Amino acid sequence: MPRAKRTYEERTADPAAQEMLIRADELGIGTAFSRADDMVPCNIGGAGMCCKLCGMGPCRLTKDGQTGVCGATIDTIQARNLVRAIAAGAAAHSDHGRDMAFILKAVANGETEGYVIRDVAKLRIVASKYGIPIDKRSPEEIANDLADLYISQFGQQRGEIVPIKRAPAKRQKLWREHGVIPRGIDREVVEALHRTHIGDDQDPEHILHHAIRTGLTDGWGGSMIATDVSDILFGTPAPLLGQANLGVLRDDMVNIVVHGHEPSLSEMIVAASQDPEIIEYAKQAGAKGVNLSGICCTANEILMRQGIPAAGNFLHQELAILTGSVEAMVVDVQCIMQALVGLASNFHTKIITTSPKVKIKGATHIEFDEHRALTVAKNILKTSIDNFKNRGATHIPQVREDLIPGFSHEYINYMLGGSYRASFRPLNDAIMSGRVRGVAAIVGCNNPRSKQDYLHTYVTQELLKQDVLIVETGCGAIAAAKLGLLLGEAGLEKVGPGLKEVCETVGIPPVLHMGSCVDNTRILTVLTQMVEEGGLGDDIDQIPAVGLAPEWMSEKALAIATYCVASGAYVIFGGASPVSGMPDRVSDSDQVLRYISEGWEELYGGKLEFIADVDEMIKNTLEHIDKKRKALGLPEYDPDRFGRGGDNRMLELEQMPVEERREALYGVAAD
Ligand code: NFS
């Protein structure tokens, strides 16, 4: 029986998206939104009750006590499916990191075209963390050694991957005791596949132990390498002005949308688009110039560093093409819908694949090669400009919002203290006094099964009212940007009074855009620095912080969740749990569900839960933050305590006796 089609308002919270979905219907063109309505998700596979790992199946375990043909229980099957997804996510992020490390090696040896080492300071800082000599050495020499070290992490067979050293000492010790420190990035991914082959690892807890190790290869391995090298080559982000949503597309210019994840090509396209030769070429084609914008995490990479506008997040990839104004959508890896090619055939848009790893039938393939990066970028730009003459009617929703992205952990450190005493002290103090109740990281995808952007932005807005400082990455950050939540002064009146005071004093927005999904490692670094600063315990699991991915859909999100849990965080995912089992058979199929929550919490202090109800997500977040505050002996959060900021408050404080003033300011009496 066909399912009822959702209204436009039920499908997305974004007015630009609603407008484009109406246009899609007028043109009779399907999108992920309509396909999600037409395709009922499989309730057996969706709940993790299907095993298709060998030719005796697929086995669907729908009855109590049933096993697969080989005898595998539901718990084993769920654990296997989960670790496979985590391995795929870790592989995607880490392979991205590997490519970046190879580019760094090639740049260091003068073998590339167009790249320079833009952040020598970060190169030196990162290299010295690993004992690479930096004194009296050229950036290229240091970069060569760092690249070699990073490349070696992927094929390393024994020992510990080196970025692990950047975690708090106590956490490293805990991982060592549990035997979960990754030996080599590729090794853990391969082992996850081996263990889950028919007839191998069959103890669910043992399989999930390896899930932790596989997750750690991502966060404290491949992703961290990806972020480091991107910063070294393209610059460490600092705040700048950007824009987001489909309204950034231009009627009078050649629109090129870069989509995917790796900044290596997109940064070159940005550079080449400013070349006078290319601008002239576009003018000769009858356009005012070239207008670049991004989708997904490629958007975040060039938005964070160059202020290039984001046309949207994951569910905007088809909608951008539906405007009829996109000459080319240039894709690299990950989160690229196969539907793009068919959709684009209704318009003049060219889908250009560029990665040697990703081809789509019907797309134009112009392969990226770092040795000739600038030439390839110019070739792509010219191909796109040549397509301008084929443009038909356009329909660009006039919806766009300003935002300030660029909050790398280096910048947060700097902004809290200034150049002379960069430190996390003010943030720790604000949490300790209760001005800031805690921190929430709201990250991850869009999912057409839920109303686009709604969960992200609802959770963000509600937590802000509760004095929770928010950091965001990935498509969640773009969702917040589209709603205007990433401009400091714009939303401050809706922010809790204590948090508002901190934002006004430090001059930060209450929602900090920290980058792409591999940049979730920046959040790990922030948490580590907060621990090292002192006052909030001696490990990440003691910090009043929660991670949320309300609209997750990708395997990468599961890998991120796992390394965050292993690092000590409470992680809440929205939507359906891939290991839920049948709700009416909880006793028989909830072992994995309980283990990744209670079991992992006992071992690592972090836990993973899937919560469909948005208000419950918020309630659990606040309860967890308050529980951690209490465990640290911090004053109970009091919404009325702070917020009489500004000049009035200064006068009030001046008139107080010293002791009382100290109490009011710091929440502690004099020693
Ligand atoms: Ni993250 Fe970034 Fe978006 Fe999800 Fe895809 S783009 S890497 S996976 S959909 S947040």
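The values are calculated or read from the model by the stated rules, or taken from the named source; none is laboratory data. Because the structure is predicted, anything quoted here is derived from the model rather than measured. A quick note on method: Cβ atoms are made from the backbone with ideal geometry, for glycine too, and the neighbour counts reach across all protein chains shown. Calculation scope for accessible area: heavy atoms of the full protein, side chains included, ligands and nucleic acids excluded. Shrake-Rupley method; radii C 1.70, N 1.55, O 1.52, S 1.80 Å.
Quick rundown of the values:
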item	result
Size of electric dipole in segment 131-254: Cβ of Lys, Arg +1 and of Asp, Glu -1, about Cα centre, debye, nearest 20	540
Shape category assigned to the chain from the gyration tensor of Cα positions, a/c cut at 1.5	rounded
The chain - share of DSSP beta bridges that are antiparallel (%, nearest 5)	10
Cα gyration tensor shape for segment 242-390, rounded if a/c is under 1.5, else prolate or oblate	rounded
FRET E, pair LEU665, GLU140, Förster distance 51 Å, beta-carbon r, rounded to 0.05	0.55
Normalised contact order of segment 180-293, rounded percent, pairs of Cα under 8 Å and 6 or more residues apart	23
The chain, accessible surface, carbon-and-sulfur percent (1.4 angstrom probe)	52
Violating pairs (Cα-Cα greater than 20 angstrom) within the set LYS129/LYS170; LYS482/LYS556; LYS494/LYS607	LYS482/LYS556; LYS494/LYS607
Simple label model, 7 Å out from Cα along Cβ direction - ASP369 to THR505, nm	5.7
Cα centroid of segment 457-492 to Cα centroid of segment 173-194, whole Å	35
Accessible area expressed per residue, the chain, with surrounding protein chains retained (probe 1.4 Å, Å²)	38
Between segment 211-271 and segment 497-515, the Cα center-to-center distance that results, in Å	24
Spin-label proximity, GLU113 to segment 256-290 - amide N less than 14 Å from point 7 Å beyond Cα toward beta carbon	268-269, 272
In nm, spacing of pseudo-spin labels at GLU177 and SER345 (7 Å Cα→C-beta vector)	6.0
Length-normalised contact order for segment 501-625 - Cα pairs under 8 Å, 6+ apart - percent	23
Net charge of Cβ neighbours under 10 Å - reference PHE234; Lys, Arg +1; Asp, Glu -1	-2
FRET efficiency estimate (nearest 0.05) - Cβ-Cβ, GLU616 to VAL358, R0 41 angstrom	0.60
Peptides 635-641, 482-488 ordered by average Cβ neighbours within 10 Å, highest first	482-488, 635-641
20 Å Cα-Cα reach of LYS283 towards aspartates and glutamates, excluding residues that sit fewer than 8 places from it in its own chain	ASP251, ASP252, ASP275, GLU327, ASP386
C-alpha center-to-center spacing [segment 28-91, segment 544-580] in angstrom	18
The chain: relative contact order in percent, alpha carbon pairs under 8 Å with at least 6 residues between	16
Theoretical FRET efficiency, 1/(1+(r/R0)^6), r = Cβ-Cβ of MET656 and ALA631, R0 30 Å, to 0.05	0.45
Overall form of segment 8-60 per C-alpha gyration tensor (a/c, 1.5; a/b vs b/c)	prolate
Helix-only mean residue ellipticity at 222 nm for the chain, each DSSP H run of n ≥ 4 adding -39500 (n - 2.57), per residue, nearest 500	-14500 deg cm²/dmol
Cβ-defined net charge surrounding ILE132, 10 Å radius [Lys, Arg +1; Asp, Glu -1]	0
